[in-house]
Amino acid sequence: MIARSSNRLAGPLDFLMTRRNLQSAKAVYFLTSTERTELAAVAQLRNLRFLPNGVPATTDQPQSPSGKPEVLFLARLHPRKRPDMFVDAAAILLKQGLEANFVIAGPDEGMLTSLKAEVSGSHLPDIRFEGPVAPENVMQRLCRSAIYVLPSVDEPFPMTVLEAMSAATPVIITTSCGLAEHVRNSRGGIVIEPTTTALVSAIKSLLESPGKAREIGNAARAYVRTHMSVDAVVTELEAMYSTANRDNKTSPRKGLRRYLD
């Protein structure tokens with residue numbers, strides 16, 4: 001990443017080298033809004049373009065095998081991911097009589113013991129732990145869920161959210177997630193404030209309106225297919241390289257003259 005720095009050498013180097021190189025490019029791609037802000041600040045760029053990490057498309061439809069809708073948390077069991085908020089929300093909803101299975105999947109990074117103790121103390125068998133999921137099985141696992149929840153904070157670009165959207169699974173994320181803008185634009189999920197109350201409300205609204213949830217999931221899939229799939233990434237890069245190559249052929253010395261100037 002290219003970002004602003006307090007190092008005294010950074011300013012002169014950016015002025016003499018970084019800015020010139022970036023401004024001479026046909027396009028400079030960014031992944032997150034933070035990268036976009038930093039690139040613009042360092043090099044005052046107008047040729048910035050968004051390029052996601054593409055995800056594969058799938059035609060599978062979400063389907064919970066037990067008959068009950070399944071709400072899935074799939075991430076590292078780490079404080080930043082906030083699986084404890086997921087457990088708290090699940091306990092509240094189940095005690096309210098909501099019919100659903102809540103599944104916590106992912107490798108332990110220090111929270112598994114306390115989470116299991118909390119679930120055991122609540123005597124709610126509809127909250128269960130599944131352990132790590134192999135990368136090649138993630139998409140299939142997401143397709144088996146009615147809702148995917150990632151209540152983490154300051155999450156730059158979570159691929160599981162895009163994969164869930166590609167699988168037409170509605171997502172629930174927080175406002176500090178790097179994909180919040182895309183989830184809002186796609187209408188393919190719900191963006192919440194990072195509170196248990198907001199999470200409970202979002203899960204409940206989707207579980208109580210399965211027709212609405214399907215509509216949201218289909219919107220998510222359509223958005224990802226158009227803007228964030230592997231095919232969309234390839235199309236964007238091919239078009240940009242083609243344009244750059246064509247412009248270079250019509251003005252072969254343009255880049256050299258820029259440096260000689």
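The values are calculated or read from the model by the stated rules, or taken from the named source; none is laboratory data. These figures come from a predicted structure and were not determined experimentally. Here the Cβ positions follow ideal geometry from the backbone for every residue, glycine too, while neighbour counts run over all protein chains shown.
Numbers at a glance
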| quantity | calculated |
| --- | --- |
| Answer residue from region 140-152, given it is in a loop (DSSP other than H, G, I, E, B) and under 14 Å from the mean Cα position of the chain (by Cα) and is surrounded by the most Cβ atoms within 10 Å (Cβ to Cβ) among those | Pro151 |
| Filter result for the condition that a residue is of a type in the set (Phe, Trp, Tyr), surrounded by 20 or more Cβ atoms within 10 Å (Cβ to Cβ) and out of contact with any Lys or Arg (no Cβ under 8 Å at 6 or more places or on another chain), over Phe86, Phe102 | Phe86 |
| Subset of region 173-194 [closer than 21 Å to Ala90 by Cβ and in contact (Cβ under 8 Å) with a residue 60 or more places away in the chain] | Pro194 |
| Qualifying residue in region 234-252 (condition: closer than 30 Å to Val103 by Cα, among the hydrophobic types (A, V, I, L, M, F, W, C) and in contact (Cβ under 8 Å) with a residue 60 or more places away in the chain) | no |
| Failed item in (1) at pLDDT 90 or above; (2) surrounded by 12 or more Cβ atoms within 10 Å (Cβ to Cβ); (3) more than 18 Å from the chain's Cα centre (by Cα), with Ala244 passing the rest | (1) |
| Residues located in region 119-139, provided they are assigned to a helix (DSSP H, G or I) and either surrounded by 12 or more Cβ atoms within 10 Å (Cβ to Cβ) or in contact with a Phe, Trp or Tyr (Cβ under 9 Å, 6 or more places away or on another chain) (or both) | Val119, Ser122, Val138, Met139 |
| Hits in region 1-24 - residues which are assigned by TED's automatic domain parsing to the domain that holds Asn245 and within 24 Å of Glu181 (Cβ to Cβ) | Leu22 |
| Spans of helices (runs of 4 or more DSSP H) in region 1-118 with at least 2 residues in contact (Cβ under 8 Å) with a residue 24 or more places away in the chain | 19-24, 33-43, 83-95 |
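Yes/no matrix, rows are residues, columns are (1) at pLDDT below 95; (2) assigned by TED's automatic domain parsing to the domain that holds Phe30; (3) of a type in the set (D, E, K, R):
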{"site": "Val171", "(1), (2), (3)": "no, no, no"}
{"site": "Ser176", "(1), (2), (3)": "yes, no, no"}
{"site": "Thr197", "(1), (2), (3)": "no, no, no"}
{"site": "Ser201", "(1), (2), (3)": "no, no, no"}
{"site": "Thr235", "(1), (2), (3)": "yes, yes, no"}
{"site": "Glu238", "(1), (2), (3)": "yes, yes, yes"}
